[in-house]
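Okay, structure first, notes after.
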Protein chains: 2
Amino acid sequence: MPSYKAPLEDVGFLLDDVFQFDRYNNLPGFADASPDVREAILGEAAKLAEQVLQPLNRSGDMEGCVRHEDGSVTTPKGFKEAFKQVTEGGWLGLSTPTEYGGQGLPVTLSQTVNEFQCSANMAFSMYGGLTMGATAALLVHGKPEQKSVFLPKMVSGEWTGTMNLTEPHCGTDLGLLRTKAAKQGDGSYKISGTKIFISAGEHDLADNIIHLVLARIEGAPAGIKGVSLFVVPKVLVNKDGSLGERNGVSCGSIEHKMGIHANSTCVMNYDNATGWLIGEENKGMQGMFVMMNEARLGVAVQGLAQSEVAYQNAVAYAKDRLQGRSLTGPKAPDKPADPIIVHPDVRRTLLTIRAFNEAARAMVVWTALKSDVAHRSEDAKERQAADDHMGLMTPVLKGVLTDGGFANAVSAQQMFGGHGYIAEWGMEQFVRDARIAMIYEGANGIQALDLVGRKLPRDGGRAAMTFFAEVDAFAKEHGADEAMKPFIAPLSNALGHLQQGTMWLMNNAMMKPDNAGAGATDYMQLFGLTAFAYMWAKMAKVAQDKIAASGATPYLTTKLVTGRFFMERMLPETTVHLARIQTGAATMMELPAEAF
Amino acid sequence: MPSYKAPLEDVGFLLDDVFQFDRYNNLPGFADASPDVREAILGEAAKLAEQVLQPLNRSGDMEGCVRHEDGSVTTPKGFKEAFKQVTEGGWLGLSTPTEYGGQGLPVTLSQTVNEFQCSANMAFSMYGGLTMGATAALLVHGKPEQKSVFLPKMVSGEWTGTMNLTEPHCGTDLGLLRTKAAKQGDGSYKISGTKIFISAGEHDLADNIIHLVLARIEGAPAGIKGVSLFVVPKVLVNKDGSLGERNGVSCGSIEHKMGIHANSTCVMNYDNATGWLIGEENKGMQGMFVMMNEARLGVAVQGLAQSEVAYQNAVAYAKDRLQGRSLTGPKAPDKPADPIIVHPDVRRTLLTIRAFNEAARAMVVWTALKSDVAHRSEDAKERQAADDHMGLMTPVLKGVLTDGGFANAVSAQQMFGGHGYIAEWGMEQFVRDARIAMIYEGANGIQALDLVGRKLPRDGGRAAMTFFAEVDAFAKEHGADEAMKPFIAPLSNALGHLQQGTMWLMNNAMMKPDNAGAGATDYMQLFGLTAFAYMWAKMAKVAQDKIAASGATPYLTTKLVTGRFFMERMLPETTVHLARIQTGAATMMELPAEAF
């Protein structure tokens, strides 16, 4: 049976030492999260994940969700009780405003808690995760009365939320959507249509489910400019806040899918369901984008989380499994064979995952802090810079962390040989669960296009230039430091590749946009590798300083070795990504569609 | 629902044009496979795969195998009838000697048929595939009476075969195995022990199952030098060839696993089962190696096969799915959106898979021809050269084709967006099925070690030197040909990287074997890429000659574009593999096991 321990030491290093959380104490919520409060919160979050959620992961996968004839859906055994513990612990409202019953703490903390919960039980964590995404959209675009009716119950977790975008014929291209909204005399709308792939669309964990639904108002323009966002509760809410009649929305079926079996993925039928407009008519995508950015960072964390739990279990197996002997002679001569962790190829695999995880976690903390600054700072310039960072890094994080998270789950599974393929060991579930993160909230190819087509050129490339300058300044500052050489030289080299790739796109994709499409995925990976290298260089510097100040610890020594491994073995891939970008689109566009 | 068409045109190009099958007409069996016979056989094989096996793939996955209380196992609906069609068509004996009822045709043909069957239904094809592997081991190492009792029935498919290596505590390291064999007065042995992960260990497709079992004879040395191979039929065979009593072997349980649900993966309990020694005492690995080499090539083909069928379905979807518009303006203005095949990132994905598949298929045909030469030529030198090739290329094929086959199935699934994650579309099954090929018959890390540790240094590096010289000669021969420049320059560059990697291992791994282990996987991938590049250069030359002789066809034009795509976009990875090899083992061996 797989197990999980929350990476508290690594999180502490990032929050306390690398990103110096306490520097942000001028922002609302940060001062409340003093070091001892952080330790207490994260310690409790770890316990919840390890002791309550993780034990339900395998059983939830095997049991799955069941839809009954009346359209109701039962979640796996234990989920109801666990969800109650999550909501009663206030975990869903950790970083939502106190005004609606939240604790107002930084998103940096709630994303860390999110990592723990996703590692422990990804399918379970989605019920709360989607609720937080819907909450975020209502907070920004909801009307005051919508906020007061829905938010307190969603923050407490008494009610959950969903996002309804996809229809059978449209996912990426939401301009094609057909779900209709007809305006009623009382200002409400009647919503009719079919939505698919609705995660947590129906379940038995909450008294009500608040659906955010994209639909087209009768007479609205065709395409994306005629799409509006609506709030459609499963059960209508009376004026006094009590629950009234069932609304005209129901779960038509649940999908049989590759993984996240314990999350109900629903076909939702809207049949003259009553809904209320969020934001303005025909500007539905604005509200959806708030939700999607929130969700994309959350999905990135899912990639990291599956990679982390897969790594932990692969390490345990590699230390335990006796098979063969070290190429340099027996290392456990008293045993019938050596543990497989003596083999370089096993260590190569494990360090590749570990180096990814620690850089990815740093990226998440860094970006979550920017999110907090973007939402909480009183300084408009600071807010803008943080927002720039968020816009630029969100597609990188979503694409790179979920691609890598899946690949790492596969590598970790490989450590187990045949046992990795057997359900009982739990490794194949990590692979199946991790797979969805590459697809939903915008498939990774779309993230790459978002990066090169929108985020990179936006405001004359301001966000990217700021990032390049920051990395360059760091490299210059520490370039003369002998101990930092193994980190700085490769970082500068990677930055050079990223800048060359950027320049190539600027010179070649304006006139021929297919060149941007052809290089998009490689550019996203190149960007991610460079950002990871920056994270590693920062972490190495802090680790070296700590060692100089108060001596080496196993954690700090391992950090430095893992960082060198990243620089030596993983970062060289930037060369290939650059070469591919510079190849352009010509060859791939040469063939007619029939030739494929 | 997924579909499948056997790639007959591509196979014809390889057999007829690239490898000039008819040049081998001096070898037994080849002259019988004249062009029209080949066409008829492959046409029938295609029909069987497309019309009989493929329709059972999804249903077989959903239904799986069921073990009953008495230890019997039922395969999914339709499998019995389909297996009857396969056996009655003589497909299992296509390339086994006529002496035992086979057709004596080249392995080159039976591996092609294997590809079709694996694409159509991988789980189904394993029942026959394992039978052919067991047949191969008996052919080489069986005693005459064993051959006459078992082979005719196995060639006909009335009886099937298995290989029993793995035990709960040992897979890679078979020296640890504990299954015991006690010699009896009549020359037979009593076999007792537990074997796990036994594919096709028990089922309802045949009257008898012939298990080949590794066990340790009482008093034999410890380790791999005390391991012997036995034949243990499920039902004992009377002197007259009729079936007698049940033997002491039974299926204890079947595994719940990630994929290949329709193949029964059994825990087999041997309880004083009667078996007979194959080959000599304590030399069981020799017989097993015959079976494993056969099986490894077969597993490599599974990787290719899943990649091919996943590609075909992704192409169909990419042409059909309307979503968004081309970056260069609408391509289907009469439709609500363009088919997604207009997007460079979609084409990049599809061409990556296609370029892999066509090179991989060429590698398989090339190596299968060598297998035929190794077994059928009367010229000892020719046999040795062919055997060298087989030894060198088998781990490369197994590792590279299954790693790539899985990665491609994942990429093809990604084309479908959310639909790819839903079982109904069949794409996630290709991913789950393809995953096992990276693990069984020696996990790919073991293939890489086999390559660098055994196959590369064997006979002073003769096999590798021969391959390098062949590629180099080809590059020199066509280096001045202007039309071949896009192929020859990258090929020479890749060969240079492979030679540098080889040299580095020679200079650095003799004294420090961990350097070989640290670079093994990258070396295997580097080798595979270079061999692929050679295949592409050969195919390009033949395609260009054919175009010059009789004009362009869509097939030949596409071949050349796909080849250029490979050279431009995929081959540059050799740089990174070389860089990693040259990094050595130091960093990854630095940490104590506890640090992971």
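The values are calculated or read from the model by the stated rules, or taken from the named source; none is laboratory data. Everything numeric here is computed off the predicted structure, so don't read it as measured data. Cβ sites come from the backbone with ideal geometry, for glycine too, and all protein chains shown count toward neighbours. The accessibility values were calculated without ligands, DNA or RNA, using every heavy atom of the protein model including side chains. Shrake-Rupley method; radii C 1.70, N 1.55, O 1.52, S 1.80 Å.
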For chain B, what does the helix formula give at 222 nm: sum of -39500 (n - 2.57) over DSSP H segments with n ≥ 4, over the residue count, nearest 500 deg cm²/dmol? -17500 deg cm²/dmol
When the accessible area of the protein assembly as shown is computed with all protein chains present and a 1.4 Å probe, what percentage of it is carbon and sulfur? 53
Measure of exposure for B:C118: accessible area at 1.4 Å probe, Å² rounded to 10, is 0
Relative to chain A, whose Cα atoms define the longest principal axis, helix A:79-88 and its Cα axis are tilted in degrees, nearest 10, by 90
Hand me the GluC sites (Glu not before Pro) from the stretch B:63-114 located in a DSSP loop with no more than 15 other Cβ atoms within 10 Å, in residue order please. B:E69
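When only DSSP loop residues count, what chymotrypsin sites (Phe, Trp or Tyr not before Pro) in the stretch B:447-498 have their Cβ near at most 10 other Cβ atoms within 10 Å?
Sites meeting the loop and neighbour criteria: none at all.
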Determine the shielding of peptide B:578-587 by partner chains: average, over its residues, the number of Cβ atoms on other chains within 10 angstrom of each Cβ. 4
Given a 1.4 Å probe and heavy atoms of the protein chains only, how would you sort A:T172, B:T160, largest accessible area at the top? A:T172, B:T160
B:M503 label points, 7 Å along Cα→Cβ, one per copy: pairwise distances from this copy to the rest in nm, shortest first? 3.1
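How much net charge surrounds B:T179 when only the other residues with a Cβ under 12 Å from the Cβ of B:T179 are counted, with Lys and Arg +1 and Asp and Glu -1? Please report the intermediate quantities before stating the final value.
Numbers: positive: B:R178, B:K180, B:K190, B:K195, B:R216; negative: B:E167, B:E218, B:D271.
Its environment carries a net charge of +2.
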Distance from the Cα centre of the stretch B:368-431 to that of the stretch B:491-518, in angstrom? 24
Assigned charges on the beta-carbon of Lys, Arg, Asp, Glu; chain A dipole about Cα centre (debye): 700
The rounded separation in angstrom of the Cα centers of the stretch B:98-161 and the stretch B:166-242 is 19
What accessible surface, in Å², does a 1.4 Å probe find on A:E281, ignoring ligands, DNA and RNA and rounding to the nearest 10? 80
Under-26-angstrom lysine pairs by C-alpha in the stretch A:82-201, whenever the two are 8 or more apart or on separate chains: 16
Need the C-alpha centroid separation for the stretch B:284-326 versus the stretch B:6-38, integer Å. 22
Within a 10 angstrom radius of each residue's Cβ in B:561-567, how many Cβ atoms of other chains show up on average? Whole number is fine. 4
Relative contact order (%) - chain B, alpha-carbon pairs under 8 angstrom, separation at least six: 12
Here, chymotrypsin sites (Phe, Trp or Tyr not before Pro) of the stretch B:370-454 satisfying both criteria (DSSP loop; at most 12 other Cβ within 10 Å) are none
What's the magnitude of the charge dipole for the stretch A:81-153 around its Cα centre, counting Lys and Arg as +1 and Asp and Glu as -1 at the beta-carbon? Answer in Debye, nearest 20. 160
Note the angle between two axes, namely the Cα long axis of helix B:485-508 and the longest principal axis of the Cα atoms of chain B, as a number of degrees from 0 to 90, rounded to the nearest 10. 50
In degrees from 0 to 90, rounded to the nearest 10, what is the angle of the helix A:284-320 Cα long axis to the longest principal axis of chain A? 40
Prolate/oblate/rounded label for the stretch B:41-116 (Cα gyration tensor, a/c 1.5): oblate
Quick one: order B:Y100, A:Y4 from most to least accessible surface, probe 1.4 Å. B:Y100, A:Y4
If unit charges are put on Cβ atoms (+1 for Lys and Arg, -1 for Asp and Glu) and the dipole of the stretch B:1-109 is taken about its Cα centre, the option from B:L14, B:A82, B:V37 lying farthest towards the positive end turns out to be B:A82
Could you compute the net charge surrounding A:H375? Neighbours are other residues with a C-beta less than 13 Å from the C-beta of A:H375; K and R count +1, D and E count -1. -3
Accessible-area value, B:S125, 1.4 Å probe, nucleic acids and ligands omitted, Å²: 10
